[in-house]
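A short worksheet on the structure shown next.
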Amino acid sequence: MSTKDDLLAAYQHLRNGDLRAALVELDLPTRAAAARERAEQTVRRAWMKYALRTVRQNDAHDRLDLAYKMPDPWHMASAQEQARFAETNAVIERELGDHFGSLLEIGCGEGHQTEHLAALAERVTGLDVSATAIERARRRLPDAEFAVGDVHAQPWAEERGRFDLVTACEVIYYMSDMPRFLRTMDRLGHACLVTYFAPAARKVAVHVDAMPGVEQCTFRYGEVEWIAAWWPGAAARGA
Ligand SMILES: C[S@@+](CC[C@H](N)C(=O)[O-])C[C@H]1O[C@@H](n2cnc3c(N)ncnc32)[C@H](O)[C@@H]1O
């Protein structure tokens with residue numbers, strides 16, 4: 001029923017002296033929760049517009065950290081993002097395996113996706129350029145290992161085949177040098193997986209599609225589409 005119909009029905013109950021029925025009709029707690037969710041989403045959008053306004057493919061790490069001054073700035077707790085995490089896990093399980101000794105998640109943010117990836121691996125390392133996000137990720141997953149910074153700055157960045165699986169989901173757009181980043185993933189992982197928002201393909205696909213042995217699929221949530229691409233890392237190819 002529409003809000004107008006609900007209000008009319010509640011009004012009729014009040015005219016009949018039935019306050020309880022009017023309150024049930026109005027369902028104020030549900031309405032308040034929905035109004036709060038809408039308000040939060042409006043504030044989140046305005047904040048991200050401001051925080052990310054100079055962020056392109058330009059390694060703008062300070063601005064990415066600024067975004068996290070608001071908790072969960074990308075709304076990773078939403079149904080859409082939770083569905084994306086579940087679908088990404090499903091792709092990994094179907095194409096790469098359901099159990100990994102070690103997994104590196106590049107761009108782990110506050111650890112929302114880490115919670116899902118952790119179900120597939122004995123040891124998870126999350127990496128993000130935002131110290132604020134990593135602080136929250138550590139609280140969310142006390143058993144995982146987290147580090148702040150860019151992957152190229154890590155002491156193990158040059159190690160071949162250090163991780164069984166390396167993931168980078170919704171991150172590659174922020175990198176100024178995508179080919180270098182993909183080469184680093186390729187070096188570090190026995191298997192590698194990236195996901196990206198399908199409309200970004202015109203900038204991203206040319207680089208991802210150049211990885212040796214790459215395969216891909218798409219998945220959706222309503223109108224929103226993502227691309228997942230995976231390939232065997234250099235150590236697995238014996239390259
Ligand atoms: C849109 S969020 C995606 C978070 C998570 N991977 C997901 O898919 O839900 C992008 C994250 O990548 C991080 N990021 C951007 N550039 C990065 C880089 N060079 N190294 C590590 N993290 C980076 C940002 O700080 C942010 O937390």
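Taken together, the values in this text are just the output of simple stated rules run on the coordinates, not laboratory data. Keep in mind that what you see is a predicted model, and the values were worked out from it rather than measured. So basically every Cβ, Gly included, is an ideal-geometry build from the backbone, and we count neighbours across all protein chains shown.
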For the chain, longest principal axis from Cα atoms; helix 28-51 axis from its Cα atoms; angle between them, nearest 10 degrees, is 40
Computed from the beta carbon distance with a Förster radius of 35 Å, FRET efficiency for Leu28 and Ala153 to the nearest 0.05 stands at 0.10
Paramagnetic reach from Ala9 in the stretch 25-48 [backbone N under 12 Å; point 7 Å along Cα→Cβ]: 25-27
Ranked from fewest to most other Cβ atoms within 10 Å of their own Cβ, Cys108, Cys169, Cys217 fall in the order Cys217, Cys169, Cys108
Angle in degrees between helix 79-95 and the longest Cα principal axis of the chain, rounded to the nearest 10: 30
Quick one: among Ala137, Ala191, Ala86, which has the greatest mean-square fluctuation in a GNM of the chain with alpha-carbon springs under 10 angstrom? Ala86
With +1 on each Lys and Arg Cβ and -1 on each Asp and Glu Cβ, and nothing else charged, work out how big the dipole of the stretch 3-46 is about its Cα centre, in Debye to the nearest 20. 240
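At R0 = 22 Å, how high is the FRET efficiency between Lys49 and Gln82 if r is their beta carbon distance? Nearest 0.05 is fine.
Details: r = 23 Å, r/R0 = 1.07.
Here the calculated transfer efficiency is 0.40.
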Rank these for me by crowding, Leu23, Leu96, going from fewest to most other beta carbons within 10 Å. Leu23, Leu96
Calculated FRET value between Thr42 and Glu122, using beta carbons and R₀ = 35 Å, to 0.05: 0.25
Starting from the Cα gyration tensor of the stretch 79-237, multiply each eigenvalue by 5, take the square root, and state the resulting semi-axes largest first in whole Å. 20, 19, 16
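Neighbouring Cβ atoms within 10 Å as the yardstick, rank Trp231, Trp47 fewest first.
Numbers: Trp231 24, Trp47 15.
By the 10 Å Cβ count, ascending: Trp47, Trp231.
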Go through Gly111, Pro199, Pro212 and say which Cα lies farthest out towards the positive end of the charge dipole of the chain; charges sit on Cβ, +1 for Lys and Arg, -1 for Asp and Glu. Pro199
